[in-house]
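What follows is a short report on a single structure.
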Amino acid sequence: MIRSLIFLALSSLLFVSCAQDKGPRQFVVETNYGNMTFELFDETPGHRDNFVKLVDEDFYDGLLFHRVMSNFMIQGGDPASRDAAPGVGLGSGGPGYTIPAEILPQFIHTKGALAAARRPDSVNPEKESSGSQFYVVHGAPVNPRMLDMFNQSRGDKFTYTAEQKSEYASTTGTPNLDGDYTIFGRMISGFEVLDDIAVSETNRANRPMEDVTMKVKMLN
């Protein structure tokens, strides 16, 4: 009996240890251009848990990256984009709810950052996120003087660290969005796919002329 209890206790500890060793939740976005892999930040639990829930419900499967802007970002997650006819305007749909902002100063809009789309401040002063729409930063080269200018204009709202300035110096980004949108994950592979999607031909509404479809799966 005692041996059985010890075995059960050890088994429980092993289970907890394995669960803790899983690390950040990761997922893959399969597209007709190739696959992109991301991890979700534990520091933004509201967005993380909502995204996992939607993926588990197959919410994103068959949706489009409906807004693509080279040197800026690619955006998807509008449920109205599923089977949308060519030329139809997209970008206002969602699951029927928003998510409270989780804007954290340690996360910045460098290439591959995963962030939540949202309505503008004029109708959304709390900066609440769309319940489903997200974007992935493609970005443009960042001039260090631009970051200093942003620091001055934002005051105490957002100040770049030396490490963050170095990050921007080593890649592309969209620093004008920092401090205003919730970043809840980052790309860990598939940057060449991001590049290919970002330069695809689009119409005047920035919708790709050839649909960019997605299927999303959790990896852990």
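No lab work stands behind these numbers, since they all come straight from the coordinates. This is a predicted model, so every value here is computed, not measured. Every residue, glycine among them, receives a Cβ derived from its backbone with ideal geometry; neighbour counts consider all protein chains shown.
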Quick note, the range 124-194: a/c under 1.5 would make it rounded; otherwise a/b > b/c is prolate and the rest oblate (a ≥ b ≥ c, C-alpha gyration tensor); here it is oblate
Ordered by number, the chymotrypsin sites (Phe, Trp or Tyr not before Pro) in the range 60-156 that occupy a DSSP loop and have at most 15 other Cβ atoms within 10 Å are Tyr97
The helix 2-20 Cα axis meets the longest alpha-carbon principal axis of the chain at an angle in degrees, between 0 and 90 and rounded to 10, of 10 degrees
Diffing the range 52-63: the Karplus 3J(HN,Hα) column from phi (6.51, -1.76, 1.60, θ = phi - 60°), in whole Hz with x for Gly and Pro, holds 4, 4, 5, 4, 4, 8, 6, 4, 7, 5, x, 7
Taking only the alpha carbons of the range 24-218, the radius of gyration and the largest Cα-Cα distance, Dmax, both in angstrom, are 16.0, 47
Karplus ³J(HN,Hα) for the range 83-88 (6.51 cos²θ - 1.76 cosθ + 1.60, θ = phi - 60°; Hz, whole; x = Gly/Pro) runs 6, 5, 5, x, x, 5
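Under 8 Å for C-alpha pairs, at least 6 residues apart: give me the relative contact order for the range 124-220, rounded to a whole percent. Kindly include the intermediate steps, with their values, before the conclusion.
Details: 51 pairs, mean separation 27.5, N = 97.
This gives 28 percent for the range 124-220.
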